[in-house]
Amino acid sequence: MQKISRSAVEQHINCQKCFYLAYNHKIRPFSLPFTLNTAVDGLCKNEFDYYRAKGEPHPMFLEHGIDAVPFAHEKMDEWRENYRGIRYIDETAGFNFGGAVDDVWQKPSGELIIVDVKATAKKIFDWEDTYSKWEYAKGYQRQLEMYQWLFKKNGFEVAPEAYLVYFNGKKNEPMFNQRLEFDLHLVKLECNCDWVEDAILAALKTLQGEMPKSAKNCPHCNYLKSRWEVAQRDSTKLLD
């Protein structure tokens, strides 16, 4: 049974070679934790939990016309915990797939709205411009669609829309005073998770085959290629 994460499938979409090296050879680029982003996530979840306990909508729901309340479920903490999350096991295909969701809201119809919290600090926040120019923004939508697929596979009714709760840090305030202020942007995405199962199966197939080629736009592979080329050129000069 192959255990595979939501982020691993996203990595496979971006570069099959990096995915193969990470899972079959435990070779991964070092990355620093985004501790400030994690703090924002945690504080936002605390707010949702406050209104979840009361069975009331968060004020942002009322402001943006969202008819829902934070979903109250005994497994909410488990679903939001890294390395646990919500999971689906397919015994026939041989995979155990999962991911940790930030929050879930419930509409009066019972449908669940999947939510992810993001934090950034841009002078001007323009989601449409970001989505059109940057692949990572499309990855955010795929992330939500993978979560939607997981909830559907666990027997829940899931709404087609999902939300990014985006906190944009104000970095041009006149005084800091040990306080970081944010603007809140709620990004509604119309999602379709029909592609997810095929993506999981494709990732499994890659793990069982030969090492694939690097993606042309993979920053890690391109860095290593450029470094190798420089090293080879300098080595030749030394021999001359």
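Only one of the listed residues (D198, D183) is in a helix (DSSP H, G or I) and either aromatic (F, W, Y) or within 28 Å of the chain's Cα centre (by Cα) (or both). That residue is D198. Just one of (1) under 22 Å from the mean Cα position of the chain (by Cα); (2) more than 17 Å from N154 (Cβ to Cβ); (3) assigned to a loop (DSSP other than H, G, I, E, B) fails for K123. It is (1). A Cβ distance below 6 Å, combined with a sequence gap of six or more or placement on separate chains, defines the contacts here; from the range 69-90, residues that are within 12 Å of L150 (Cα to Cα) reach residues that are of a type in the set (A, V, I, L, M) and part of a helix (DSSP H, G or I) in the pairs I86/L150; Y88/L150.
Condition test on A39, is it touching a residue at least 24 places away in the same chain (Cβ under 8 Å) and outside any loop (DSSP other than H, G, I, E, B)? In short, no.
Within the option set Y140, Y166, Y147, being touching a His at 6+ places or on another chain (Cβ under 9 Å), buried (at least 19 other Cβ atoms within 10 Å of the Cβ) and hydroxyl-bearing (S, T, Y) holds for one residue only, Y166. Only one of the numbered conditions (1) modelled with pLDDT under 95; (2) under 21 Å from A39 (Cα atoms); (3) assigned to a loop (DSSP other than H, G, I, E, B) is not met by V101, and that is (1).
Evaluation of A203 against the conditions (1) in a strand (DSSP E or B); (2) of a type in the set (G, A, S); (3) touching a residue at least 60 places away in the same chain (Cβ under 8 Å) shows that the sole unmet condition is (1).
Could you check how many residues of the range 1-36 are of a type outside the set (K, R) and in a loop (DSSP other than H, G, I, E, B)? Adding up the residues that qualify gives 9.
Checking every residue in the range 101-111 against the condition of being crowded, with 18+ Cβ neighbours inside 10 Å, within 18 Å of I4 (Cα to Cα) and in contact (Cβ under 8 Å) with a residue 12 or more places away in the chain gives at least one match.
Counting only residues that are of a type outside the set (S, T, Y) and either under 28 Å from V69 (Cβ atoms) or outside any loop (DSSP other than H, G, I, E, B) (or both), the range 150-179 holds 18 of them. Restricting the range 75-90 to residues that are surrounded by fewer than 17 Cβ atoms within 10 Å (Cβ to Cβ) and part of a loop (DSSP other than H, G, I, E, B), the residue that is modelled with the lowest pLDDT is Y83.
The values are calculated or read from the model by the stated rules, or taken from the named source; none is laboratory data. The shown structure was predicted, so the numbers you read here are calculated from the model rather than taken from an experiment. As a convention, Cβ positions derive from the backbone with ideal geometry for all residues, glycine included, and neighbour counts pool all protein chains shown.
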